[in-house]
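Here the structure is laid out as structure tokens; the discussion comes afterwards.
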Amino acid sequence: MTQAGISAAPNGAAKESAKDASASVVAQQAAMLKALPFSDTGDFDDASRGFLGTLEHARITSPQGRVVWSLEPYGFLSDEKAPATVNPSLWRQSRLNMNHGLFEVVPGIYQVRGLDIANMTLIEADMGVIVVDTLTSIEGARAAMELYFQHRGKRPVAAVIFTHTHTDHWGGARGVLDDETLASGKVPIIAPNLFMEHAVSENIIAGPAMQRRAQYQFGPFLAKGPRGQVDCGLGKSMAAGAVKLLRPTDLIMATGDKRSIDGLEFEFQMAPNSEAPAEMHFFVPRYKLLNLAENCTHNFHNLLPFRGADVRDALAWSKYLNEALQMWGGKADTMCGQHHWPVWGAERIDKMIRQQRDLYKFAHDQTIRLMNHGLTATEIAEAIKLPASLEGAWHGRGYYGHIRHNVKAIYQKYLGWYDANPVNLDPLPPVEGGKKYVEYMGGADAILARAAKDFAKGEFRFVAQAVSHLVFAEPDNQAARVLLADTFEQLGYAAESATWRNAYLFGAQELRQGMPKAPPRPPMPRETLAALRTGQLNWSFTDTNESFVLTLENCALTYVEGAQAPNADASFALARARLDEVVAKQTSFPEAVASGKIKFTGDAMRLAELMALMDEFPRMFEIVEPKRTAVS
Ligand SMILES: [Zn+2]
């Protein structure tokens, strides 16, 4: 989810800067300092253990000199004591995520951490090194490999393993395998079954919406600082840089599957539909190393990230952790994941896996119990409380996911968006509803006067709800925007979850400054769907020997593979690569027809009619205020 080309510069709307923490937030932070075991600093020892060396400020640049990663802007985190504007538990995690460089996990196993949101794990085999996950960007992966070679000597890459389908675990593969190695085909790329399908599909269909929503999750356009972005929970932030997906050459199909790679034995466990739709764990007997990918990291992970995703299965997640304990509990001396730092010692490993297992199981079972008592998602989030034994475990804290939104994800998985109260079946949308609320509540001034009093009392959650109605009714009401921004900001300061903080603070920033500017796209003249005539188009791809018939009927487009319609309006014959070029906008359809690269018979204008109906999606759209552009 790179966000190239969008500038954080304000739109020129009235600028309001970040405020101090209110008295009630100061009190909340103090209470948290008392409630959690801050004297337990073992994680700081583990996160720095085995440090071998690093790049200055973890800075990585592209060949063109663009900074794709740097921890320099986070220098403010050197203060041990949290400022009042950051939740002290999140401050602690943010400081832990500042450790960066190459670390020895055990002799023969190394990790590059803090040069990306994710880790690269390097496992030395008989002749070469096995690279587990390749960071987000080619530049990042290249820098990580150089750092490793610098400290361990140059050695060939014996294999690449992708633990799962998220970009921060495979995007940099071309920085690990050079052209020559890749062309030789001698280095296996090992991944869980269905890797390609899920790596491609998860971010494509809902891509434009996810990219915009991800800005609220990760906060890339927030200033970094005690009143801005401090962390993402899993690591510092999204990395920029070049991304390329490499196709695996060897898929792991079943739990118990083994591979011998360059003389080193690996045992695998499948974990589909956990943190990612295709994910796997493994154990390396020679090193007694257990790698649980992204299913056992130092936070309560996300069952539904704010960018939007298929809801994740908490029950399956818990079962995989239990299964890992059955398979390797007591055998593993070292456990590492693909985010955060390792854990050493069989007893501590056992305890952490059991606690993580029970975190997901507890959240799952208690959500089910409460929903079967009739509680709705919002009510469950309010009622649920982790047992003391999990509350005090640092790795169980909700820095990325959070118990209060993870339970809503579990509710959604079983019951969906509808809470069964018909009032929520067909409510007015925010603008229309907002106008009526404002009218019923006695107008803007009456709302603002009451909201200011509640703000002073620290009732931020309700103030946000009430004033949001006013912003949707009167988006140009500056007093309303300022108060809602101030309210979001206090909620952000108090939040323990980095993703909650980013969401609240970015909402505040957009209310104060408007949306970051994306380069405008040229407006496209659009026909309307209603003008669409029924018809059929034949396609045959000359290089892949595939044929399709595309049917337009009832304003819906369907297709049948391996067929051609005898009475189609038009038939096209082309190489599949030509279509890819058109989709990638390297050429246009008319240009390709004119140059003879696409051949057709019949009425080609029918295709032009269809193309004119396709939407260009905006990179930015309003979230905390009404949409300024009508969407039909
Ligand atoms: Zn990840």
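The values are calculated or read from the model by the stated rules, or taken from the named source; none is laboratory data. Keep in mind that this is a model prediction, so the values were computed, not measured. Don't worry about glycine lacking a Cβ; one is built from the backbone with ideal geometry, like all the others, and counts go over all protein chains shown. Note: areas computed on protein heavy atoms with side chains; ligands, DNA, RNA excluded. Shrake-Rupley method; radii C 1.70, N 1.55, O 1.52, S 1.80 Å.
Couple of notes before you dig in:
- Residue among Met620, Met611 that alone is on the phi < 0 side of the Ramachandran plot, under 33 Å from the mean Cα position of the chain (by Cα), free of Cβ contacts under 8 Å to residues at least 60 places away in the same chain and surrounded by 11 or more Cβ atoms within 10 Å (Cβ to Cβ): Met611
- Count - residues of the stretch 159-183 that are more than 16 Å from the ligand (Cβ to nearest atom), part of a loop (DSSP other than H, G, I, E, B) and either buried (at least 23 other Cβ atoms within 10 Å of the Cβ) or polar (S, T, N, Q) (or both): 1
- Among the residues of the stretch 417-450, the ones that are in contact with a Leu (Cβ under 9 Å, 6 or more places away or on another chain) and more than 12 Å from Glu474 (Cα to Cα) come to 4 in all.
- Residue satisfying all of: in the stretch 115-145; open to solvent by 10 Å² or more (accessible area, probe 1.4 Å) and in contact with a Ser or Thr (Cβ under 8 Å, 6 or more places away or on another chain); nearest to Trp344 (Cα to Cα) among these: Ile117
- Within the stretch 317-340, residues that are closer than 21 Å to Ile161 by Cβ and among the hydrophobic types (A, V, I, L, M, F, W, C) sit with their Cβ atoms under 6 Å from residues that are open to solvent by less than 10 Å² (accessible area, probe 1.4 Å) and assigned to a loop (DSSP other than H, G, I, E, B), at 6+ positions apart or across chains, in these pairs: Trp317/Ser274; Cys336/Pro342.
- Note on the stretch 312-348: among residues that are away from the ligand (no atom under 16 Å from the Cβ) and at positive phi, the one that is surrounded by the most Cβ atoms within 10 Å (Cβ to Cβ) is Gly345.
- Being more than 16 Å from the ligand (Cβ to nearest atom), in a loop (DSSP other than H, G, I, E, B) and within 29 Å of Arg59 (Cα to Cα) is a property that Pro226 has.
- When residues in the stretch 388-419 are screened for being of a type in the set (Gly, Ala, Ser), surrounded by 17 or more Cβ atoms within 10 Å (Cβ to Cβ), part of a helix (DSSP H, G or I) and without any contact (Cβ under 8 Å) to a residue 60 or more places away in the chain, 0 of them pass.
- Odd one out for Ser94 among (1) without any contact (Cβ under 8 Å) to a residue 60 or more places away in the chain; (2) more than 16 Å from the ligand (Cβ to nearest atom); (3) buried (at least 23 other Cβ atoms within 10 Å of the Cβ): (1)
- For the stretch 539-584, the set of residues classified as free of Cβ contacts under 8 Å to residues at least 24 places away in the same chain and of a type in the set (Gly, Ala, Ser) consists of Ser547, Ala556, Gly562, Ala563, Ala584, listed by residue number.
- The set of residues in the stretch 49-61 that are more than 23 Å from the chain's Cα centre (by Cα), surrounded by 14 or more Cβ atoms within 10 Å (Cβ to Cβ) and touching a residue at least 40 places away in the same chain (Cβ under 8 Å) comprises Arg49, Gly50, Phe51, Leu52, Thr54, Leu55.
- Residues in the stretch 36-47 that are open to solvent by 50 Å² or more (accessible area, probe 1.4 Å) and in a helix (DSSP H, G or I) were compared, and the one that is farthest from Asn87 (Cα to Cα) is Asp45.
- Qualifying residue in the stretch 209-218 (condition: within 14 Å of the ligand (Cβ to nearest atom), closer than 27 Å to Asn322 by Cα and modelled with pLDDT of 95 or more): no
- Residue count, the stretch 53-68 (criterion: of a type in the set (A, V, I, L, M) and either touching an Asp or Glu at 6+ places or on another chain (Cβ under 6 Å) or assigned to a helix (DSSP H, G or I) (or both)): 3
- The one condition in (1) within 16 Å of the ligand (Cβ to nearest atom); (2) touching a strand residue (DSSP E or B) at 6+ places or on another chain (Cβ under 9 Å); (3) within 23 Å of Pro63 (Cβ to Cβ) that Leu147 fails to fulfil: (1)
- Exactly one residue out of Ala565, Ala584, Ala592 is more than 30 Å from Leu470 (Cβ to Cβ), at pLDDT 90 or above and among the hydrophobic types (A, V, I, L, M, F, W, C): that is Ala565.
- The stretch 442-524 holds helices (runs of 4 or more DSSP H) entirely within its bounds, and those carrying 1 or more residues that are open to solvent by less than 40 Å² (accessible area, probe 1.4 Å) and over 23 Å from Pro429 (Cα atoms) map to 444-457, 478-494, 498-513.
- If you go through the stretch 420-432 and keep only what is in a helix (DSSP H, G or I) and either more than 25 Å from Val624 (Cβ to Cβ) or among the hydrophobic types (A, V, I, L, M, F, W, C) (or both), you end up with Pro422, Val423, Val431.
- Members of the stretch 299-311 found to be within 24 Å of Leu96 (Cβ to Cβ) and open to solvent by 10 Å² or more (accessible area, probe 1.4 Å), listed by number: Phe306, Arg307
- Contact map, the stretch 420-447: residues that are more than 15 Å from Gln465 (Cβ to Cβ) paired with residues that are open to solvent by less than 60 Å² (accessible area, probe 1.4 Å) and part of a loop (DSSP other than H, G, I, E, B), Cβ distance under 7 Å, separation 6+ or inter-chain. Pairs shown: Val431/Pro626; Ala444/Asn477.
- Identity of the residue in the stretch 271-290, away from the ligand (no atom under 13 Å from the Cβ) and in a strand (DSSP E or B), that ends up farthest from the chain's Cα centre (by Cα): Val284
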